[in-house]
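The values are calculated or read from the model by the stated rules, or taken from the named source; none is laboratory data. No experiment lies behind these values; they were computed from the predicted model shown. Using ideal geometry, Cβ is built from the backbone for each residue, glycine included, and neighbour counts are taken over all protein chains shown. We work out accessible area using only protein heavy atoms, side chains counted, and drop any ligands, DNA or RNA first. Shrake-Rupley method; radii C 1.70, N 1.55, O 1.52, S 1.80 Å.
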Amino acid sequence: MTASFCADASITGPNALNERFVRETEPVRDFLIRNAIRLTHQRADAEDLVQETLLKAYMSFERYREGNHLKAWLARIMSNAWIDRHRSAQRRPAEQLNAEIADLRGTVDTLSASRGWVDSAEAEAMRSLPGDAAVALGTLPSELRDIVYYACVADYRNTEIAAMLGIPVGTVGSRLHRGKALLREALSVPEAGW
C-alpha cells in the first residue's frame, strides 16, 4: 500500500468515496471501452455498456477492497451487465412482419389523418416505398422478408435482428444478401441501387 492511499484512508465523508472511485477508475476507462466494443461490436452500444458498468461499480464500490485487481472486478461487472442485456433481449417477444400490417395501413392512415395524429416511423417508411417495392417485398419468402424489412425499412443492425429472431448473425447476413438479390430481380434494379 502506498503512502497516498494511507493518506486518503484518513479522509472521510461522502466525497472521499467519490474521489477514490474517480481516481481509481480513470486509468482503466480505455480498457473498459475496448472490452465493451469487443462484446457489443458497436461503438454506441459499447459506450452505453461502459456507463452501465461504471454505474454498477460505483453503487457497490464500498464493498470493493483496495488491493484487489480493479480491471478484473470491472470486467466481471461488464460481462454480467452484457449477459443481462442479451438475456433481456432474448425474452422480448419476436416481432414479425405479416400481411395484416399492410392491410391495416390504410385504416391507420385514414384514422390518423382524421384525428390529427402523427404517423409512426414505420408507416412513413412503408409509404415512402414505391408501390412495386412493397409488392416485391411481400413476394419474398417469410424468413427473407422479415430480415430485409428489419434491415432496410426499420433500419435495425444485423446483431439486433439476430437477437430478435433468435438466429446467428451470419445467418442474418446471408439471408439479407439473398433477400436483396431477389428484390433486385423483382424490381430490375441495378446492383448499385441497394
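Tell me yes or no: at least one residue of the stretch 121-133 is assigned to a helix (DSSP H, G or I), among the aliphatic types (A, V, I, L, M) and modelled with pLDDT of 60 or more. Reasoning before the result, please.
To start, the set of residues in the stretch 121-133 that are assigned to a helix (DSSP H, G or I) comprises 121-128, 131-133.
Checking which are among the aliphatic types (A, V, I, L, M) leaves us with 121, 123, 125-126, 133.
Among the residues that remain, those that are also modelled with pLDDT of 60 or more are: 133.
The answer is yes, given that some residue of the stretch 121-133 is assigned to a helix (DSSP H, G or I), among the aliphatic types (A, V, I, L, M) and modelled with pLDDT of 60 or more.
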Which ones in the stretch 53-79 are of a type in the set (F, W, Y) and open to solvent by less than 80 Å² (accessible area, probe 1.4 Å)? F61, Y64, W73
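Select from the stretch 4-42 the residues that are part of a loop (DSSP other than H, G, I, E, B) and either loosely packed, with under 12 Cβ neighbours inside 10 Å or modelled with pLDDT under 85 (or both) and list them in ascending order. Quick ask: steps written out before the conclusion?
Residues of the stretch 4-42 that are part of a loop (DSSP other than H, G, I, E, B), as a first pass: 10-13, 41-42.
Those that are part of a loop (DSSP other than H, G, I, E, B) and either loosely packed, with under 12 Cβ neighbours inside 10 Å or modelled with pLDDT under 85 (or both): S10, I11, T12, G13.
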Just to be sure I understand the filter: pairs with C-beta atoms under 6 Å, separated by 6 or more residues or on different chains, first member in the stretch 49-60 and closer than 14 Å to R20 by Cα, second member part of a helix (DSSP H, G or I). Which pairs pass? A57/L74; A57/I77; Y58/F21
Could you list all residues from the stretch 153-194 that are of a type in the set (G, A, S) and at pLDDT below 90? A154, A162, A163, G166, G179, A181, A186, S188, A192, G193
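Residues checked against (1) open to solvent by less than 40 Å² (accessible area, probe 1.4 Å); (2) assigned to a helix (DSSP H, G or I); (3) touching an Asp or Glu at 6+ places or on another chain (Cβ under 7 Å); (4) of a type in the set (S, T, N, Q):
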site: R145; (1), (2), (3), (4): no, yes, no, no
site: Y149; (1), (2), (3), (4): yes, yes, no, no
site: D155; (1), (2), (3), (4): no, no, no, no
site: A163; (1), (2), (3), (4): yes, yes, no, no
site: S174; (1), (2), (3), (4): no, yes, no, yes
site: L183; (1), (2), (3), (4): yes, yes, no, no
